[in-house]
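Below is one structure, written out as structure tokens, with a few remarks after it.
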């Protein structure tokens, strides 16, 4: 933890829960430019890496995940110089962190709107195992060391159809007092309200546990779902996807 405390000031003011998760020692790892006196660092968790500190083209070239998030404009230039056409720029959407914003009535309405041919179930070992079998669902538990680690530190809500996982919402990562939501639906089952029902049930469970369910939107579709469940969009920001 000493090295995490040493680099924490580099990320000061960056209101991102994946960063908190790494700096608090829950999951993920850090890479620094110097062991003893780091001036730049990247935090790596799941498919993301976050660069902060003094921008460096050579250090930006060492990005350890496929989605690269710069701290500021100077880091954007460093990443572009280091990676060139090997990365594609896109926007994500930061969602405001507002603990008292949720309406339980609205959330329960989304849960109750689940089509009758589907059922909601909490994640268990069998559902965790299913989630690792397909690309669309592998991130539900993927940041944890194992299914048992996920079930001991995280939780999720699955939508099942004939016993098969077709949609879900889960703890992508955990931090002190909360977690980051991962939510997705198998492509052929989208536009049926499954993500809304799973997300709403997960948020209700989080509120009952005294945890904050943080949300960061991959695209405008995700941002719209977040707003439907009670969140408010804060601002867009630039990320780089390794091709």
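The values are calculated or read from the model by the stated rules, or taken from the named source; none is laboratory data. Please read these numbers as outputs of a predicted model, since none were measured by experiment. So basically every Cβ, Gly included, is an ideal-geometry build from the backbone, and we count neighbours across all protein chains shown.
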Inset, instruction - Would you be able to say whether some residue in segment 44-51 is at pLDDT 95 or above and more than 28 Å from residue 220 (Cβ to Cβ)? - result: no
Inset, instruction - Residue by residue through segment 65-89, note down the ones that are touching a residue at least 60 places away in the same chain (Cβ under 8 Å) and exposed (fewer than 13 other Cβ atoms within 10 Å of the Cβ). - result: 85, 86, 88, 89
Inset, instruction - Answer yes if at least one residue in segment 196-211 is without any contact (Cβ under 8 Å) to a residue 40 or more places away in the chain and under 14 Å from the mean Cα position of the chain (by Cα), and no otherwise. - result: no
Legend entry - Filter result (farther than 20 Å from residue 18 by Cα and in contact with a strand residue (DSSP E or B) (Cβ under 8 Å, 6 or more places away or on another chain)) within segment 60-78: 78
Inset, instruction - Using the structure shown, decide if residue 225 is free of Cβ contacts under 8 Å to residues at least 60 places away in the same chain and touching a strand residue (DSSP E or B) at 6+ places or on another chain (Cβ under 6 Å). - result: no
Inset, instruction - Report whether or not residue 107 is more than 17 Å from the chain's Cα centre (by Cα) and not in a loop (DSSP other than H, G, I, E, B). - result: yes
Legend entry - Of the criteria (1) more than 15 Å from residue 159 (Cβ to Cβ); (2) modelled with pLDDT of 95 or more, which one residue 131 fails: (1)
Legend entry - Per-region count, segment 79-93, residues under 22 Å from residue 7 (Cβ atoms) and either in contact with a strand residue (DSSP E or B) (Cβ under 6 Å, 6 or more places away or on another chain) or in a loop (DSSP other than H, G, I, E, B) (or both): 1
Inset, instruction - Test residue 231 against the criterion of being part of a strand (DSSP E or B), at pLDDT 95 or above and buried (at least 20 other Cβ atoms within 10 Å of the Cβ), and give yes or no. - result: no
Legend entry - Given (1) in contact with a helix residue (DSSP H, G or I) (Cβ under 7 Å, 6 or more places away or on another chain); (2) not assigned by TED's automatic domain parsing to the domain that holds residue 135, index of the condition residue 104 fails: (2)
